[in-house]
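Have a look at the structure below, then the notes.
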Amino acid sequence: MNDASDHRLLHPAHWKTAVGYANGVLATGRTIFVGGQIGWNADQIFESDDFAAQVHQALANIVEILREAKAGPEHVVRLTWYVTDKREYLARLKEVGAAYREVMGKHFPAMTMVQVADLIEDRAKVEIEATAVLPDA
């Protein structure tokens, strides 16, 4: 495993194909933990109350933090999503998918999504945590 593209996806051969996520990822290197990011910009201002727009911004925030470690979306091995309304997520899946691919590309790490009663910021509809592994230099 010399670079992020060498992260090995873990998927038992007899399981149904995972679409849009991985069941597991094997990686070695330096670990980057990104705290939960919400849909506000660098000035902590929400530019939109739209669910898909907030997903886009939260993912963009993650990518910007990763850049501080000279990493990118391809180094992400796990995402944990907290949403306040799973029905809105499911209803907007096509737009969420488009936002995801625009920011993260076609890189699908292990993911978990949980519906929560609320988030700390009242306008936040989604919060996303990331774990990335940067290959050893």
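Derivation of every value follows stated rules applied to the coordinates shown; laboratory data play no part. Quantities reported herein were computed from a predicted structural model and do not represent experimental measurements. Using ideal geometry, Cβ is built from the backbone for each residue, glycine included, and neighbour counts are taken over all protein chains shown.
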**Prompt:** How would you classify the chain from its alpha-carbon gyration tensor, with a ≥ b ≥ c the square roots of the eigenvalues: rounded for a/c under 1.5, else prolate if a/b is greater than b/c, otherwise oblate?
**Reply:** oblate
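By per-residue mean of other Cβ atoms within 10 Å, what is the highest-first order of 14-23, 59-68?
With the highest mean Cβ count within 10 Å placed first, the list reads 59-68, 14-23.
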**Item:** Set of lysines with alpha-carbon distance to Lys125 below 24 Å, sequence-local pairs under 8 removed
**Value:** Lys86, Lys94, Lys106
**Asked** What base-10 log of the normalised intensity I(q)/I(0) is obtained for the stretch 19-62 from the Debye formula, alpha carbons as equal point scatterers, at q = 0.17, 0.22 Å⁻¹?
**Response** -0.63, -0.82
**Message:** Using helices alone, I'd like the mean residue ellipticity at 222 nm for the chain: each DSSP H run of four-plus residues gives -39500 (n - 2.57), total over residue count, nearest 500.
**Reply:** -8000 deg cm²/dmol
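So for the chain: antiparallel DSSP bridges make up what percent, rounded to the nearest 5? Don't skip to the end; give the middle numbers.
On the way: 17 of 24 bridges.
Given both bridge residues lie in the chain, the antiparallel proportion sits at roughly 70 percent.
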**Prompt:** Taking only C-alpha pairs under 8 Å that are 6+ residues apart, what is the relative contact order of the stretch 38-96 in percent?
**Reply:** 32 percent
**Complete:** Relative contact order of the stretch 1-80 (C-alpha contacts under 8 Å, at least 6 apart) in percent is 26 percent
**Asked** Separation between the Ser48 and Asp122 pseudo-spin-labels, each 7 Å from Cα along Cα→Cβ, expressed in nm?
**Response** 2.3 nm
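Express the relative contact order of the stretch 55-137 as a whole percentage, based on alpha carbon pairs under 8 Å and six or more residues apart in sequence. If you can, show how the numbers build up before the last one.
Values: 105 pairs, mean separation 39.5, N = 83.
The value is 48 percent.
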